[in-house]
Structure formats: C-alpha cells, structure tokens
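Q: Following this message is one structure expressed as structure tokens.
The values are calculated or read from the model by the stated rules, or taken from the named source; none is laboratory data. Predicted model, so just to flag it, every value in this text is computed and none were measured. Quick note on the areas: whole protein, heavy atoms, side chains included, nothing else; ligands and nucleic acids left out. Shrake-Rupley method; radii C 1.70, N 1.55, O 1.52, S 1.80 Å.
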Amino acid sequence: MSQQGGKKLNVYKDDNWNQMNIHQHGRRYVVSEISSVEGELTYDFTSRQEMQRWAEQRFSPANFSGTEEERAEILAKFKRV
C-alpha cells in the first residue's frame, strides 16, 4: 500500500469515478475524494485528530445517504489510519 513513501487506504470505491482514499505521509493526511458530480476534491490535514473531526462531520447521519452500517464502516476506516 505504498504511494510516494506513504500509506494509502481506500475508504470506499463505488467505481472509478466515485471513491475516497486516504494517503498518509508521516504526520500528514491527505484525503482525496473523486466524484462523478464534483470531480476530485483534496483535503489536507496536519493531524489524525483533525482528519477524524472532518470525517465525523462529512459522514454525519444528516449528510450520509447510505445505511448506518455503511457509515460506521467508513468511519472505522478513518480510525484505522
């Protein structure tokens, strides 16, 4: 799971145009979200805690259209990083 000296974790992947990945580079975390609607968005975090807070807001029950099990699985992947 190496990419340019860092670790990469796939958070979800519906297809080649709808996915989210976390790239860890030392203490820095870069989340890339590819969407067929919005294109590619990149979020850069300087700490794991900052990324966790963002994930909790991004995947809050009000903002997530999937099941609670899917939401819990996504948040668990953020916690594993």
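Q: For region 59-77, which residues satisfy the criterion of being part of a helix (DSSP H, G or I) and among the small types (Gly, Ala, Ser)?
A: The answer is 72, 76.
Q: Also, quick follow-up: For residues that are of a type in the set (Phe, Trp, Tyr) and at pLDDT 90 or above, scanning just region 14-49, find the one that is most open to solvent (accessible area, probe 1.4 Å).
A: Restricting to residues being of a type in the set (Phe, Trp, Tyr) and at pLDDT 90 or above, the top hit is 43.
Q: Oh, and also: Is at least one residue of region 62-81 within 11 Å of the chain's Cα centre (by Cα) and modelled with pLDDT under 90?
A: yes
Q: Would you mention how many residues in region 1-13 are open to solvent by 100 Å² or more (accessible area, probe 1.4 Å) and either among the hydrophobic types (A, V, I, L, M, F, W, C) or modelled with pLDDT under 90 (or both)?
A: Number satisfying all stated conditions: 4.
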